[in-house]
Each structure stands twice: as structure tokens, then as C-alpha cells.
Amino acid sequence: MVAARYFDGMSSTAHVVTLTLDGEWLQLRGELLAHEWPLQNVKVSERLGDTQRRITLPDGGHCEVSDHAALDALLKQGGYRSGWLDGMQHSMRWALISAVLIVLVFAAAYRYLLPWGAEVVAQTIPPAMLQKMGASSLQTLDRLMLEPSKLPLQRQQALRDAYAKLAPLPDAQLPYHIEFRSAPQIGANAFALPDGNIVMLDELVALTGDDNEILAVLAHERGHVEQRHALRMVLQSSAVGLAMTWYMGDVSSLLATVPAMMVQASYSRDMEREADDYAARTLVRNGLSPCLLPDVLRKLEVAHAKRQAEAVSDKQGSVMDYLASHPPTQERSAQLCPAH
């Protein structure tokens, strides 16, 4: 016997009743009430925590039951067959399988869907927003870690002119501009911003000693610009924030966080390979060896390894590592310059 509250479907009055079974018939008894229906003609809601379960009856009414254990015993006694979904929800095996599937789906979405979505969205961002993002990012970097370049203006312009003389690839579309800065605490480095600004540090110019190697680095960074890698990394890093921005309709809050994300963002290994390929094709198109890029990469690896060792020995903590998220230099060299 299961206690329940019965609603006849025509009023909001609740009637206190009891439910029993007579063979395969569900019987409902209460004050001045007496009904019965074949058990298989009623519909019982799934069990969900301590929430009352609802029994939908053929006459348009329904019952609400709080005693789950008693109701389950009654249904089992009558041979009531619940839905397959309800059975799966109360199966430990299916719970474990579902947990594994959820992890796999999220992992696949993070690995494949998120980068694809970021690439699609990045291609639709208007130039005006790119300009705003790039300008604010450079201002933040100038305030936090960059210093004015100490290279003579003639030397800066000579490097700009040398790169401008290179014939661009046929698919090159986005504008670029080379900015020179100094950052002793970072060391030799170069990076591209969403608006096409390529920041070349004095320390990298001093490290190479060969202008063609500098051109190779600039071609690599131009690849990041053309593929919109900086913007794609920002979008991937702020996927949740972007979704909320789309839903709430306020881009200002997202733009406010872009400079901070740009400081912390590092390109993925796949993006580095894309930029390497772009640089190699640019160098070959201009009669230069694609081995120039592996040469400077090895110099960068040695320089940053030395800085890392000095930082640890001085107990200053780790320094910003140019190669942290990059493919191994040996792998990149073999891809760019197999015979080198």
C-alpha cells in the first residue's frame, strides 16, 4: 500500500489516497474515491533524487508519490516495465560508460572543435576590432615588459626595407608592420599581434648576426599574422567568455581582457608548424634557403636554455621561455631543412 496525493485533472484539489495492486490492476482508494486501471496503462515518471514522482493516469488525472522505495516495490510486484532510459540512469555500468564518453567528447571538442571554431570566428572579426585588440595589447606589453628599442633608427628602417623587398606569397592578404622593442628580462624573441604588428626585440637582432636569419624570423611571424594565430589563441583561451559575450551582447568586457590574455598566450605546436611552413615557402620564393630558420631556432634554443639555467641558479624563478609551446627544434629542423 503506497500513500499518494491524487489530482483529478479538473481542479487543483489534492485528495489523499492509497495505491494498491490487484494482480496487474492498479487500484486507487480514498475518501469517496475508488478507481482502478491496468498497470501498464499508467505512466510513471523517472526517479530523480527526492523529487516526488508523478503517476499519470488514463482518466487525465495524476498521483504524486514521495515514498520512492514503496512505489518501486509496488511496481516491481506488478511487473511494471520502466523505460530504457530510466534503466540506464540507475545502472552503475551505464553511469561509468557515460562518464567516460563525456570525458572523450570534451577532449575531442577541445582538441578539434574548439580550434576549428576559433579559426572560423577569427576570419569573421572585422579589421576595426583587430586594430583595437592589437593596439591595446601593445600598450599593455609596453607598460609591463617592453622598453623602447636601442637600435639606431637607420638600422630599424634597413631591416624593414629588407623584409619589404621580399616577394610575398600569393595568398598574403593581411597588412603587417614591424615594431622594434627591447626586453632584457625576456631575451631574444619576436611575436605577432592580432592587428598585424610584428614585434622584433633588440636581443634577437643581436643574437642572429645575420640579416637573412632576421628575415626568416619575420617571415615566420608573418605566417602567424596571415593565419590569425594570435586572435585564434585569444578566442580559444576565452571560449567561455566569448560564448557569454555572444549571449549577453557586450563585447567591451571581452576586449578589456584581451591584453592580459595576449601577454600569457602561447601558440600551439600546430600553429608553429603552420608558421614554419609559411616562412619556408616565403624564403624559397625569394631564392633564400629555408635552412635559415632552423639556424636561428638553434641559436634561440641555446640562448633561452642559458637564461633558464641562470635564473634557476640565481633563484629568480623561471624566465619566459620562447620554446615552451613550440615543437622540438630538431623536429622543426628536419622538416624545414632535411639535408642540413
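The values are calculated or read from the model by the stated rules, or taken from the named source; none is laboratory data. All values reported here derive from a predicted model rather than from experimental measurement. All Cβ positions, even for glycine, are placed from backbone atoms using ideal geometry, and neighbour counts span all protein chains on display.
Just a few scattered comments:
- Criterion (in a helix (DSSP H, G or I), at pLDDT below 90 and surrounded by 12 or more Cβ atoms within 10 Å (Cβ to Cβ)) met by exactly one of TYR110, TYR80: TYR110
For (1) within 26 Å of ASP276 (Cβ to Cβ); (2) outside the structural domain of ALA206 (by TED's automatic domain parsing); (3) exposed (fewer than 10 other Cβ atoms within 10 Å of the Cβ), each residue gets a yes or a no:
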{"residue": "SER98", "(1), (2), (3)": "no, yes, no"}
{"residue": "ILE102", "(1), (2), (3)": "no, yes, no"}
{"residue": "ALA118", "(1), (2), (3)": "yes, yes, no"}
{"residue": "MET133", "(1), (2), (3)": "yes, no, no"}
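- Residues of the range 9-44 that turn out to be assigned to a strand (DSSP E or B), of a type in the set (Val, Ile, Thr) and surrounded by 13 or more Cβ atoms within 10 Å (Cβ to Cβ), as a count: 4
- When ASP195, ASP171, ASP161 are screened for being out of contact with any Cys (no Cβ under 8 Å at 6 or more places or on another chain), more than 17 Å from LEU292 (Cα to Cα) and at pLDDT 95 or above, only ASP161 passes.
- Within the range 181-190, if we keep just the residues that are in a strand (DSSP E or B) and crowded, with 21+ Cβ neighbours inside 10 Å, the residue that is nearest to the chain's Cα centre (by Cα) turns out to be ALA190.
- Counting only helices (runs of 4 or more DSSP H) that sit completely within the range 202-287, those holding 2 or more residues that are of a type outside the set (A, V, I, L, M), modelled with pLDDT of 90 or more and in the same structural domain as ALA192 (by TED's automatic domain parsing) correspond to 202-208, 211-226, 269-285.
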